[in-house]
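Here, each number is a calculation from the coordinates, and none is a lab measurement. From a predicted model like this one, the values you see are computed outputs, not experimental measurements. Glycine gets a Cβ as well: all are built from the backbone with ideal geometry, and neighbour counts include every protein chain shown.
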Amino acid sequence: MIRLKKILAISKSISIIFFIIITIDLITNLILPENIKKKIGTTKNYSLKSEMFHHEIAPNINLPEFWGKKKYKVITNKYGMRIGENDFTNPQVKNIGFVGDSFVYGSGIDFNDHFISLIKKNNKSYNFLNLGYVSYSPSIYYKKLEYLINNKGLKFDKIFIFVDTSDVQDEGSFYREDLNGNIVRKWNSDLENKKRNFRYKYKNYLKQNSFIFKFYEIFAFNTINTKAQKCLNKENTNLNYIEYLDYERFGYAFNKKLSSKKWVKEGQKKIVNYLSKIKVLLDLNKIEMIIVYYPSAIDVLKDNKIKENSKHYKMLNEWSQLNNISLIDTQKYFFKINNPLKNYEKNHIACDIHWNTNGHKIISNNILEYIND
């Protein structure tokens, strides 16, 4: 009995101490000015669940982001768009938007080396706005554009749309619209997603307003996936990079077995449907729509340079021609060397699928040529 009383007393003391720590933690964050608070932590703490877009990056942050040991800064504006240091929007000039997933967001790259920054250095005639974020896909592109145009009143002259090969899996396997038109996880019911969104409101608050939660997220989660880490550990040896990349997610375009799968067919069908919805939205607002095509890192490593054999290129090219939409084809610039491995290493982050500085230069040069022309 005495032992039980001691255990209960210790448990009570621990609970009181924990409660005091949590209270001090939350009060401190309530007192802190917002601009200071959003410089504490990393972008992991500000990657939030969204009822409308499934997920989003918080606005007005100025924080480090990591890819392996690489550290770079992420700054966002009031709309949650990634921007450079001291960037500003000139109200006297027109806006050009770039929508896509992590390639447009700029995973693994300092924003000074991002294709949008490279474009800005060579063209002062427009504001160039980054509407992309990690794991976005055409259903979210549409919802994001609709929200910014109709709800926020943003006006655009042109929108460049980057449809990645991974978007097919996102649309075919992961995302769907609920009854309210919000983008949700495909396998959860509307009721389950509603419950999750209610819980996420509290989680979003803690992610942004609790030092304890911030430190937990920073130390509990890896900055890269296990395969990429294994690859980086062997980086100085002769590597077959393909075995460390997500083949199913990025390799369907030239693979007959993969491209015949149900999720690929459904994903492509949804992409075409959402591209058509985007076109209607942009046409109503007199905004020019441009598709940007680029090969995946898997295709580069496998030397799949004949784009006409790509299921991904065929889908985008056919839709663009049918709807009289310009398509910027960057394919040949990723295959300039007669060696697949060297092409990959020249234009992509080692052990990753994203572009390095040179890959971003390819994209910026092609877009600048289009805009200037």
Under-5 Å amide H pairs with Asn95, H placed in peptide plane, nonlocal only: Asn127, Asp157
Long pairs among Lys186/Lys257; Lys94/Lys186; Lys155/Lys307; Lys70/Lys261; Lys257/Lys332; Lys121/Lys155, criterion Cα-Cα beyond 28 Å: Lys94/Lys186; Lys155/Lys307; Lys70/Lys261
Length gained when the stretch Ile24-His55 is fully extended (0.36 nm per residue, less Cα-Cα span): 8.3 nm
Within the range 292-328: backbone nitrogen closer than 13 Å to the Asn240 label point (7 Å, Cα to C-beta): 302
Residue-averaged 222 nm ellipticity for the chain, from DSSP H runs of 4+ at -39500 (n - 2.57), nearest 500: -13500 deg cm²/dmol
Exposure proxy ranking, count of Cβ atoms within 10 Å, fewest first, for Ser137, Ser11, Ser173: Ser11, Ser173, Ser137
Cα gyration tensor, the range 167-289 - rounded (a/c under 1.5), prolate or oblate: oblate
Estimated FRET transfer efficiency (Lys155, Glu85; beta-carbon r; R0 25 Å; 0.05): 0.50
Cβ-Cβ FRET estimate between Lys120 and Ile14, R0 fixed at 45 Å, reported to 0.05: 0.25
Relative contact order (percent, whole number), the range 219-367, Cα cutoff 8 Å, 6+ residue spacing: 25
Alpha-carbon centroids, the range 40-69 and the range 146-218: separation in whole Å: 12
Segment Lys314-Asn77, length gained on full extension (0.36 nm per residue, minus Cα span): 81.7 nm
Gain on full stretching of the segment that runs from Leu368 to Asn188 - 0.36 nm per residue minus C-alpha separation: 60.6 nm
Relative contact order of the chain, defined on C-alpha pairs under 8 angstrom at six or more residues apart (%): 18
Residues Thr330, Thr28, Thr76, sorted so that the one with the fewest Cβ neighbours within 10 Å comes first: Thr28, Thr330, Thr76
³J(HN,Hα), Karplus 6.51/-1.76/1.60, whole Hz, each residue of the range 246-259, x for Gly, Pro: 7, 5, 5, 6, 10, x, 6, 4, 10, 9, 4, 5, 5, 5
Separation of alpha-carbon centers, the range 359-373 and the range 19-37, rounded to whole Å: 45
Förster radius 51 Å - calculated FRET efficiency between Asp303 and Leu32 (Cβ-Cβ, nearest 0.05): 0.45
Which of His55, His354 has the fewest Cβ neighbours within 10 Å, and the rest in rising order: His55, His354
